Amino acid sequence: QAIVWDEYLTGPFGLIAQYSLLKEHEVEKMFTLKPGRLPPADVKNIIFFVRPKLELMDIITDNVLREDRGRSPQRDFHILFVPRRSLLCEQWLKEQGVLGSFIHREQYSLDLIPFDGDLLSMESEGAFKECYLESDQTSLYHAAKGLMTLQALYGTIPQIFGKGDCARHVANMMIRMKREFPGSQNSIFPVFDTLLLLDRNVDLLTPLATQLTYEGLIDEIYGIQNTYVKLPPEKFAPKKQGEGGKDLPTEPKKLQLNSAEELYAEIRDKNFNAVGSVLSKKAKIISAAFEERHHAKTVGEIKQFVSQLPHMQAARSSLANHTSIAELIKDITTSEDFFDNLTVEQEFMSGIDTDKVNNYIEDCIAQKHPLIKILRLVCLQSVCNSGLKQKVLDHYKREILQTYGYEHILTLNNLEKAGLLKPQTGGRNNYPTIRKTLRLWMDDVNEQNPNDISYVYSGYAPLSVRLAQLLARPGWRSIEEVLKMLPGPHFEERQQLPTGLQKKRQHGENRVTLVFFLGGVTYAEIAALRFLSQMEDGGTEYIIATTKLINGTTWIKSLMEKLEPAPF
């Protein structure tokens, strides 16, 4: 058989089934879905793996109609929708006259994909836009389905807390699914004590700010896709004596980043300013370990050294890679532009001059900096001021449209609808109250040995993670007033456990909380939650799930409308 992949799915599927595994199951060839004839392949079955999107159905129709019916043996077609079958798509294929060509029409329920030991993502890139701009709650249904699967495997979660409209929807769907499938009540001892559902629009601020953890910066600058990052190759070329950069590699260097790599697990969640010292310590340890070989005298000692060699070599190459990445990032973080941008962000987050037109932003527009950078800053200012005064907002909009083109008026409209860039209503700015009550801005932040989650943004504590932290101790009752200022309802549901499955907590045993971000989560927030998990007196371990791993750039991009400029 051959598989034809919807290109977007290849990344997520690569995390659960490598090509070698598919080969064992008789997959001879793999193709990317594109218009035209399917490439020749000596196979009997062709399986399409696709998301239920109409534009993909057109390509499939094209593929099927161009298939040579005269050839023998004839090839059979099958289609697998990920994560759900769609009536609309099947109806479309029927109208095109190709539905009958598919022998099997199935769905593959891939809801939550494991990205790391404590991280699951649905990788549904449109979830935020669908929920907040298009009132399409399909992704919330998939989230609820994924959570039901999780409960089937790891036991019913006794307590559900949530904040936001989407969170309320997901909880309602879960309760309804449980009612509709009474058999789903299982007798597995629950692994999770609490589920916290959080809407992305409860905290619009965090993704807009530049992440300052090692992993966050890699994502901000190079973009991490399905745990892989592509880096400029020059830094990774092996240095050979006497050749001098003759043939530098041109292919980007592709690395996988996850906690299976010891060094990465140690530095990924640190503030970038604390990474250098860890790398130099590691370098000393490794070179000392290699020096040992001179001291190995007896056969036994030599044998022991040789047995450790593969591990040491892996550690050395890992160190070389991360030293190169850190140098690449440092070139950017030490630039004047990065510093100016960060200074403005931090002023907004600490509440300085959020109500007037900002000079730096004006200059950036005049110099035609990348539009997404401008939008991130303007949205950040709007969120930190609970909306902008009408004349400030109009000024920004006018400047942006005149500089970057009027086709962006739709994007500005989307940002307003999503609550990111809006006029201040009711004339009140709630952000200072929220900032003070939740301690979102910390002046004395310790980046090397942090004592608070604010280290991930060098001063700003992610609001979403602060909510999770306060839920664990002392509970949300202490912050009722602030919760009312944030969008959407907050609620608590309890799920009855069958007798004998209630947890008796041993002394010193941690509670396990699953935090589900509906609409996306950043690596800095994940780092902050991991920091809370590792705190000595924390008492709570966090597992993170989300609809999509995002950063400010990918998030704003998902809200932008692509309008082709007029041909004249």
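The values are calculated or read from the model by the stated rules, or taken from the named source; none is laboratory data. All values derive from a computational prediction rather than experimental measurement. Glycine also receives a Cβ, built like all others from the backbone with ideal geometry; neighbour counts cover every protein chain displayed. Accessible surface is based on the protein model in full, side chains and every heavy atom, while ligands, DNA and RNA are left aside. Shrake-Rupley method; radii C 1.70, N 1.55, O 1.52, S 1.80 Å.
Okay, here's what the table says:
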{"item": "For the range 2-110, convex hull volume per residue from C-alpha positions, Å³", "result": "95 Å³"}
{"item": "Rounded to whole Å, sorted largest first: equivalent-ellipsoid semi-axes of the chain, Cα gyration tensor", "result": "36, 35, 30"}
{"item": "Centre separation in Å (Cα based) which lies between the range 300-327 and the range 81-123", "result": "43 Å"}
{"item": "Apportionment of accessible area to carbon and sulfur, the chain, percent (1.4 Å)", "result": "53 percent"}
{"item": "Reach of Lys330 by Cα under 20 Å, taken over aspartates and glutamates that are not fewer than 8 positions away in the same chain", "result": "Glu215, Asp219, Glu220, Glu234, Glu266, Asp269, Asp340, Glu345, Glu447"}
{"item": "Sequence-distant residues sharing a close amide H with Asn45 (under 5 Å, placed H)", "result": "Ala2, Asp76"}
{"item": "Share, in percent, of DSSP beta bridges within the chain that are antiparallel, nearest 5", "result": "30 percent"}
{"item": "Mean Cβ count within 10 Å, highest first, over the residues of peptides 394-404, 541-551, 125-135, 332-342", "result": "541-551, 125-135, 394-404, 332-342"}
{"item": "Over 27 Å (Cα to Cα) - which of Lys230/Lys282; Lys53/Lys163; Lys129/Lys270; Lys422/Lys557 fall in this group", "result": "Lys53/Lys163; Lys129/Lys270"}
{"item": "Karplus 3J(HN,Hα) series, Hz, for the range 399-406 with 6.51 cos²θ - 1.76 cosθ + 1.60 (x for Gly, Pro)", "result": "4, 5, 5, 6, 8, 9, x, 6"}
{"item": "Heavy-atom accessible area per residue - the chain, 1.4 Å, Å²", "result": "49 Å²"}
{"item": "Whole-Å distance, taken between Cα centres, linking the range 505-562 and the range 403-443", "result": "23 Å"}
{"item": "MRE, 222 nm, helices only [DSSP H, n ≥ 4, -39500 (n - 2.57), over the chain, to nearest 500]", "result": "-13500 deg cm²/dmol"}
